[in-house]
1. Can you compute 3J(HN,Hα) from phi for each residue in segment 38-45, using the Karplus curve 6.51 cos²θ - 1.76 cosθ + 1.60 with θ = phi - 60°, rounded to whole Hz and x for Gly and Pro?
2. Using the Cα centre as the reference, give the magnitude of the dipole from point charges on the C-beta atoms of the chain (Lys, Arg: +1; Asp, Glu: -1; all else neutral), rounded to the nearest 20 debye.
3. Arrange TYR40, TYR62 by Cβ neighbour counts within 10 Å, fewest through most, would you?
4. Give me the distance in nm between label points sitting 7 Å out from Cα along the Cα-to-Cβ direction at TYR40 and MET26, one decimal.
5. Using all C-alpha to C-alpha distances in the chain, build P(r) with 5 Å bins and read off the rounded percent in each one.
6. Any idea how far apart VAL55 and ALA77 come out in nm if each label point goes 7 Å out from Cα toward Cβ?
7. Compare the Cα positions of LEU12, VAL81, ASN53 along the charge dipole of the chain (+1 at Cβ of Lys, Arg; -1 at Cβ of Asp, Glu; about the Cα centre) and return the one farthest towards the positive end.
8. Going by C-beta contacts inside 10 Å, put VAL7, VAL89, VAL59 in order with the fewest on the left.
Amino acid sequence: MSKRDLVGVISLLILIGFLGLGAASMREFGVVDRAYMDDYIISHSQDEVGANNAVTSVVFDYRGFDTLGEATILFAAVVGVIVIFRREVHE
């Protein structure tokens, strides 16, 4: 076994270990402590974010990076469709 193969096997074992730890620390499916989350967002959204609407504060501030990622993917899809369906001008 070469050194490169050994590094690959060790990396794979580390990855499997982290995935196993993540799976072991997950809550049971369907069990969510929503009461705490909902109450926290409703009572703190105006103080922390300055938004009167709690839904707006969640979408644009608490989960802002997620929303930015979704917008980036949507933009990339639109650009891809435009590139695929563009017409070439023959002179």
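We did not get these values from a lab; they are worked out from the coordinates using the rules stated. Being a predicted model, the structure only gives us computed values, none of them experimental. Cβ coordinates were reconstructed from backbone atoms using ideal geometry, including for glycine residues, and neighbour counts include every protein chain displayed.
1. 4, 4, 4, 5, 5, 7, 10, 5
2. Computed about the Cα centre, the dipole is about 540 debye.
3. Numbers: TYR40 12, TYR62 17.
Going from sparsest to densest Cβ surroundings: TYR40, TYR62.
4. According to this spin-label approximation, the distance is 2.1 nm.
5. That works out to 2, 10, 9, 8, 10, 11, 12, 11, 10, 7, 5, 3, 1, 0, in percent per bin.
6. Each label point lies 7 Å from its Cα, and together they span 2.1 nm.
7. Result: LEU12, furthest along the dipole toward the positive end.
8. VAL89, VAL7, VAL59
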